[in-house]
Amino acid sequence: MKDAEAQVKKAFDKANSEIESVFQESMALESQGELDAAAKARIEAHLHEISTGLDKELDKQIAEVKASYAAPNRRVLPKRFRVPAIAMLFFVLIGSILEFTVGDAFIFAGANDYRRAIPWLLSVVVPLIAVGLFLLEKANHGMRAQFPTWVIRWLVMFPLTIAMCSAALVVSPLGWASVLGWVAGTPTEHLEAIVISVDSPSRYSRSGECDQYANLEFRAITARVCIEGLMVGATPQKGDKVALSGRFSSLGLFIESIRGK
């Protein structure tokens, strides 16, 4: 960008110098009484040439700036790192989706320990992702093409991207655990849990979102689960005992129904 500005300034300085020279020449010819039709035509042609050259230089610099934003010199990961990177991306994205779908009805056996470990995980994950995204941006300028404004790029989008990537990386193992728990689980009925709290039904949830959640305590594990479509009978209240039915494994319990006791 700075090179383009320098080139444009150089072109304008050159054009100004040439125009001033032509103007001085015309004044000299006029003072000598030699500014006839042929001289005027020659001067006009010279001015037109200067104007055309300046237009071409401006068009060239504008095209180069646009090209630098639209098609930056992107660096590609070496082939030996490409497959692991794609696999990791797949793991994180799919795991995050699973956590907010299948995981809504799953009580993870290690939930309490994992919850306590989240601050430590974030203290490691956030700096690593921040450094990785910074190096990636410096190499490929992907965000600069989308967000040319420095403030928006570095003070808004960069922290937001770090937060989203860190959250996805932390919750994705829970999503995979819920699927594995559902697949490996065996049908089980009448497992007792205590209702810690029940949220009011949401009136503004979008299609596909859970309308009502509850916090349950199951075998000393505290979990927030979606109870929409799982309740058999009346909705329980705080402190009530409920019977859970579903698929139980060493990873946890995938809830298929909740019944008051």
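Can you figure out the FRET efficiency of TRP154 with LEU191, using R₀ = 45 Å and their beta-carbon distance, to the nearest 0.05?
For TRP154 and LEU191, the calculated efficiency is 0.35.
Can you tell me how the stretch 164-261 classifies by the Cα gyration tensor, rounded, prolate or oblate, using a/c under 1.5 as the rounded cut?
It comes out oblate by the Cα gyration axes.
Tell me the relative contact order for the stretch 186-260 as a rounded percent, counting alpha carbon contacts under 8 Å between residues six or more apart.
36
If one computes the Cα centroid of the stretch 123-182 and of the stretch 79-117, what distance in Å separates the two points?
15
Give me ARG80, ARG115 sorted ascending by neighbouring Cβ count inside 10 Å, so fewest comes first.
If I rank by nearby Cβ atoms, fewest first, I get ARG80, ARG115.
Amide H to amide H, which residues 5 or more places from GLU256 or on other chains are under 5 Å from it, using H placed in the peptide plane?
Residues meeting the criterion, in which the H sits 1.01 Å from N, are SER245, GLY246, ARG247.
Throughout, read-outs are computed from the coordinates displayed, never taken from laboratory work. Fair warning: this is a prediction, and the values are worked out from it, not measured in the lab. All Cβ positions, glycine included, derive from the backbone under ideal geometry; neighbour counts span all protein chains shown.
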